[in-house]
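Structure first, commentary second.
The values are calculated or read from the model by the stated rules, or taken from the named source; none is laboratory data. Since this is a predicted model, take the numbers as computed values, not measurements. Reconstructed Cβ throughout: ideal geometry from the backbone, glycine too, with neighbour counts over all protein chains shown.
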Amino acid sequence: MRVLKTSVILVLLLALLLTFTACGGQPQPGDPGEIGEPQDGGGKSAGSFALADIAVVINGKTLTLDSPIEDFFEALGDDYDYLEGPSCAYEGLDKAYIYELTELSTVPPEGVETLAELYTADPAIKTPKGIGVDSSRDDVIAAYGDGYVEVGSVLHYYAGEKDSVKTPQLVFEFEGGEVSGFSMLSGKSAG
């Protein structure tokens with residue numbers, strides 16, 4: 001378990017390093033990159049998606065993109081590693097708080113630390129619709145509908161303009177047909 005924790009932290013630190021050095025015209029989350037053009041889920045299904053769906057439930061507490069960052073710390077605890085770097089989009093520092101299976105990234109618009117992204121591979125953290133690590137692809141689509149954009153093995157649900165890094169989104173990564181991790185993105189890190 002210690003090796004897994006160390007590996008996860010190293011991967012997250014590398015991802016964060018790449019994020020802090022990726023200012024300018026670099027690809028952002030939601031960009032198709034080299035894995036092909038995004039595919040729109042299209043069609044109709046029983047599930048639906050709205051901005052209010054971009055939330056997580058941590059230790060019984062529902063947190064949204066607008067929740068104070070302190071609420072995330074209260075729910076997750078204080079056992080995290082901390083990184084910071086100059087913000088590409090705002091004056092001040094972008095910060096990352098790295099837990100064993102969860103990472104919070106913040107940005108400083110208007111001088112207030114604000115959530116930019118939450119990524120988790122923690123099976124204990126779910127969306128309010130009960131979706132989390134180990135949920136099936138069919139479960140995600142049943143809960144949120146088929147209005148997603150698919151890029152490789154990732155489904156992006158946008159709360160507004162699709163394919164815009166400035167649009168809040170809920171993102172599910174899949175491995176073997178099951179969610180291996182998911183993110184909620186505020187779109188604020190794009191400036």
In the stretch 123-174, which residues are acidic (D, E) and touching a Phe, Trp or Tyr at 6+ places or on another chain (Cβ under 8 Å)?
E173
With the first residue restricted to the stretch 102-117 and required to be at positive phi, and the second required to be of a type outside the set (A, V, I, L, M, F, W, C) and surrounded by fewer than 18 Cβ atoms within 10 Å (Cβ to Cβ), Cβ contacts under 7 Å at 6 or more apart or on different chains are G111/G92
Among the residues in the stretch 43-52, are any aromatic (F, W, Y), surrounded by 18 or more Cβ atoms within 10 Å (Cβ to Cβ) and at pLDDT below 95?
yes
Please work out which residue is farthest from G145 (Cα to Cα), limiting yourself to the stretch 60-77 and to residues that are modelled with pLDDT of 95 or more and part of a loop (DSSP other than H, G, I, E, B).
G77
Consider E178 carefully, then state whether it is closer than 18 Å to D66 by Cα, among the charged types (D, E, K, R) and touching a Ser or Thr at 6+ places or on another chain (Cβ under 9 Å).
no
Report yes if some residue within the stretch 115-122 is crowded, with 18+ Cβ neighbours inside 10 Å, within 18 Å of E173 (Cα to Cα), out of contact with any helix residue (DSSP H, G or I) (no Cβ under 9 Å at 6 or more places or on another chain) and of a type in the set (S, T, Y); otherwise report no.
yes
Matching entry among T127, T106 (being buried (at least 17 other Cβ atoms within 10 Å of the Cβ), out of contact with any Gly (no Cβ under 6 Å at 6 or more places or on another chain) and modelled with pLDDT under 95):
T106
Tally the residues that are modelled with pLDDT of 95 or more, out of contact with any helix residue (DSSP H, G or I) (no Cβ under 6 Å at 6 or more places or on another chain) and surrounded by fewer than 18 Cβ atoms within 10 Å (Cβ to Cβ), restricting the search to the stretch 164-191.
5
Every listed condition ((1) over 26 Å from I98 (Cβ atoms); (2) touching a His at 6+ places or on another chain (Cβ under 7 Å)) holds for Q169 save (1)
Could you tell me which residue of the stretch 78-97 is surrounded by the most Cβ atoms within 10 Å (Cβ to Cβ), considering only residues that are among the charged types (D, E, K, R) and in a strand (DSSP E or B)?
D94
Any residue at all in the stretch 53-62 that's over 16 Å from the mean Cα position of the chain (by Cα) and crowded, with 18+ Cβ neighbours inside 10 Å?
no
Can you find a residue in the stretch 142-163 that is among the hydrophobic types (A, V, I, L, M, F, W, C), crowded, with 22+ Cβ neighbours inside 10 Å and touching a residue at least 60 places away in the same chain (Cβ under 8 Å)?
yes
